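The values are calculated or read from the model by the stated rules, or taken from the named source; none is laboratory data. Quick caveat: nothing in here was measured; it's all calculated off a predicted structure. We place every Cβ from the backbone using ideal geometry, glycine too, and count neighbours over all the protein chains shown.
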Amino acid sequence: KVTGTLYRVEGNESATRWALGRLNQRLQAFRKQLISQIPENSEPIICCARGGDRSAHVVQFLIQSGQPAKQLHGGYRSFRKSVLRQLERCDLAQLWILDGYTGVGKTDVLRQVALRYPDRVIDLELYAGHRSSILGDLGLMPTSQKQFESMLAAALTRVDGGAPWLLIEGESRKVGNRQIPAALWQKMGAAPRIELIASMEQRVRWLVDEYDTGDGWKKLHERVDRLRSYSQLGDDRVDHVQRCLEQGDPQSAARCLLEYHYDPRYQHGDEKTFQIRLENHGASLACEALVEQLESTTENPQE
């Protein structure tokens, strides 16, 4: 309205000058907001649907503001197609599954291996932002299905296809609410398995440490209530778990959940054959032992 009034009263030049001033104020605010979200010393890749003028103008604007940036060629649609192609190929001939009961420390061992061999590990729970159970998102930020697939596709491009072994944690078809793509799920079903073993005492301790978000057990108390509808726990045991949490005894709560919820579900799953069995006496030691056995097994497959 102001621009129109100025145009009628004072003419085009005055109206244009005022409009550009307002636009500059908005652009400066937009620039500050945008740059504040970019990690230091990084070069963001900007995309729109098709990689057209919208993202090109933002890239130009950032560069003129002193922030390096690039445009995603072809836009998000092209990127999404490349993600789906990568997930469909999924050429993982030497895949091994790290399996075992809940709480044996599979994820910790997997990530220890990833520190040594980052191009040989696929970490589904990391990409999903979820520990793959009804309680698995506590303290985490679950991703969307498309984010999950994008991170997984990126991991598949990084893994060493010529390596003698690749490692992935055993999961159900869904990691939280994120579904494992069909091609990878098929590979996982045919892959040899490693069983990680730990005592009940160790499992209880590790599970308590894993779910301790530092702000008490209120969120876990609320989430456990969901188990009433489908778990073998039953109302009495759910009540017991919640009382333990209220009384500051998460160890007893964890033991009950393991014995009456997680372990029966694992035991009643598909029958599994394990090529390697390994006791977990700590993630670092288990990592060393696991890598040693994988190297030995893949070098001498006939044994």
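Data for the structure
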item: Qualifying positions in region 168-196 - crowded, with 16+ Cβ neighbours inside 10 Å and part of a strand (DSSP E or B); result: ILE168, GLU169, VAL175, ARG178, ARG193, ILE194, GLU195, LEU196
item: Residue that is surrounded by the most Cβ atoms within 10 Å (Cβ to Cβ) [pool: residues in region 141-167 that are within 16 Å of the chain's Cα centre (by Cα) and small (Gly, Ala, Ser)]; result: ALA153
item: Residue count, region 197-231 (criterion: surrounded by fewer than 20 Cβ atoms within 10 Å (Cβ to Cβ), over 20 Å from GLY248 (Cα atoms) and of a type outside the set (Val, Ile, Thr)); result: 6
item: Boolean, LEU156 is part of a strand (DSSP E or B), in the same structural domain as GLY216 (by TED's automatic domain parsing) and under 24 Å from CYS287 (Cα atoms); result: no
item: Odd one out for VAL208, checked against (1) closer than 18 Å to HIS261 by Cα; (2) part of a strand (DSSP E or B); result: (2)
item: Filter result for GLU259 (within 24 Å of GLY100 (Cβ to Cβ) and part of a loop (DSSP other than H, G, I, E, B)); result: no
item: Sole exception among (1) in a helix (DSSP H, G or I); (2) closer than 30 Å to LYS218 by Cα; (3) modelled with pLDDT under 95 for PHE148, by number; result: (3)
item: Members of region 73-100 that are touching a strand residue (DSSP E or B) at 6+ places or on another chain (Cβ under 8 Å) and at pLDDT 95 or above; result: LEU95, TRP96, ILE97, LEU98, ASP99, GLY100
item: Hits in region 201-215 (condition: out of contact with any Phe, Trp or Tyr (no Cβ under 8 Å at 6 or more places or on another chain), of a type in the set (D, E, K, R) and either in contact (Cβ under 8 Å) with a residue 24 or more places away in the chain or outside the structural domain of SER133 (by TED's automatic domain parsing) (or both)); result: ARG205, GLU210, ASP212
item: In region 117-140, residue modelled with the lowest pLDDT [restricted to those that are of a type in the set (Ser, Thr, Tyr) and under 13 Å from the mean Cα position of the chain (by Cα)]; result: SER132
item: Members of region 157-174 found to be at pLDDT 95 or above and either over 26 Å from GLU271 (Cβ atoms) or among the hydrophobic types (A, V, I, L, M, F, W, C) (or both), listed by number; result: TRP165, LEU166, LEU167, ILE168
item: Test: ALA29 is at pLDDT below 90 and either of a type outside the set (D, E, K, R) or assigned by TED's automatic domain parsing to the domain that holds SER133 (or both); result: yes
item: Conditions (1) charged (D, E, K, R); (2) surrounded by fewer than 17 Cβ atoms within 10 Å (Cβ to Cβ); (3) touching a Cys at 6+ places or on another chain (Cβ under 9 Å): number failed by ARG243; result: (3)
item: Unique match (being on the phi < 0 side of the Ramachandran plot, in contact (Cβ under 8 Å) with a residue 24 or more places away in the chain and in contact with a Ser or Thr (Cβ under 6 Å, 6 or more places away or on another chain)) among VAL113, VAL121, VAL83; result: VAL83
item: Where LYS272 falls short, out of the listed (1) outside any helix (DSSP H, G or I); (2) within 25 Å of MET141 (Cα to Cα); (3) among the charged types (D, E, K, R); result: (2)
item: ARG228 in contact with an Asp or Glu (Cβ under 8 Å, 6 or more places away or on another chain), modelled with pLDDT under 95, farther than 22 Å from LEU115 by Cβ and in a helix (DSSP H, G or I); result: yes
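Let's see how each residue does on (1) assigned to a helix (DSSP H, G or I); (2) more than 30 Å from THR298 (Cα to Cα):
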position: HIS73; (1), (2): no, yes
position: PHE79; (1), (2): yes, yes
position: LEU84; (1), (2): yes, yes
position: ASP91; (1), (2): no, no
position: LEU110; (1), (2): yes, no
position: ASP119; (1), (2): yes, no
